[in-house]
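Beneath this line is the structure, given in structure tokens, with notes to follow.
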Amino acid sequence: MGCCVRTDKPLPQPRGVLALDLDGTVWDHHDISRLKPPFQPLARGRVVDSEGVVVTLNHGVEAVLSAAESAGYVIASLSWNNPEIATEALKAFGLHERFHYHCIHPLPVKHRCLRELLNLIHEATGTSLGPGDVIYVDDKPVHVADISSYVGSVRFFLCDRSRDEQCLIRVAEEISGRVPYV
């Protein structure tokens, strides 16, 4: 299908996969594809598009990325977006190279992208990871049923920041083994 793109970040011998949604999960905007690049960095954690729309990283993004890196997880974006616009935003935030893969597709096919990602990891590392090795974080549960039927039952964390500002911090703690996710 071809929705996952590898970055230059060296792959670990993977212990698991952290698959992060972008809109509403990594940043506060709910449809980055509607914005107009180029994006310009503002203060740390904020960028602005060419029409003056400001986008802010959500609380806990750095913590969850650092926890996944330390734990030997492959880190991937898993997003229904315009790949070029989302990639430009990731670069403006300085996050593009924090991920091993970007699985960004303009159609709602996260289930197919996740299966492709698992296959790519196997090809690159020789390690077979299954759905139980995947932590999938999204602000909406809309893709979970398709992922479950197409890939299998993954560990899904609903991180809706309007209800829970600390969600990504708790996912980071779960990955690092400090506390179980409740």
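Any read-out appearing in this document is the output of simple, stated calculations on the displayed coordinates, not a laboratory observation. Quick caveat, the model's predicted, so the values are computed rather than measured. Reconstructed Cβ throughout: ideal geometry from the backbone, glycine too, with neighbour counts over all protein chains shown.
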- Message: Once the cut-off is 20 Å, how many percent of the Cα-Cα pairs in region 63-119 end up in the long-distance tail?
- Response: 27
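For region 18-121, how big is Rg over Rh, using alpha carbon atoms and the Kirkwood form of Rh?
Numbers: Rg = 13.2 Å, Rh = 13.8 Å.
Here the Rg-to-Rh quotient is 0.96.
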- Förster radius 35 Å - calculated FRET efficiency between VAL48 and SER176, Cβ distance, rounded to 0.05: 0.60
- Run down the lysines and flag those whose C-alpha is under 20 Å from the C-alpha of LYS9, throwing out any fewer than 8 positions away in its chain. LYS91
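So if the hydrodynamic radius of the chain is defined as the Kirkwood radius over C-alpha pairs, what does Stokes-Einstein give as its diffusion coefficient at 25 °C and 0.890 mPa s, in µm² per second? Don't skip to the end; give the middle numbers.
Working: Rh = 16.2 Å.
D, rounded to a whole number, is 151 µm²/s.
Taking 1 over the mean of 1/r across every pair of different Cα atoms in region 3-72, what Kirkwood radius in Å do you get?
Numbers: mean 1/r = 0.0719 Å⁻¹.
The Cα-based Kirkwood calculation yields 13.9 Å.
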- Query: Whole number please: convex hull volume per residue of the Cα set in region 83-182, in Å³?
  - Reply: 132
- Length gained, ASP160-SER128, 0.36 nm per residue minus C-alpha separation, equals 8.5 nm
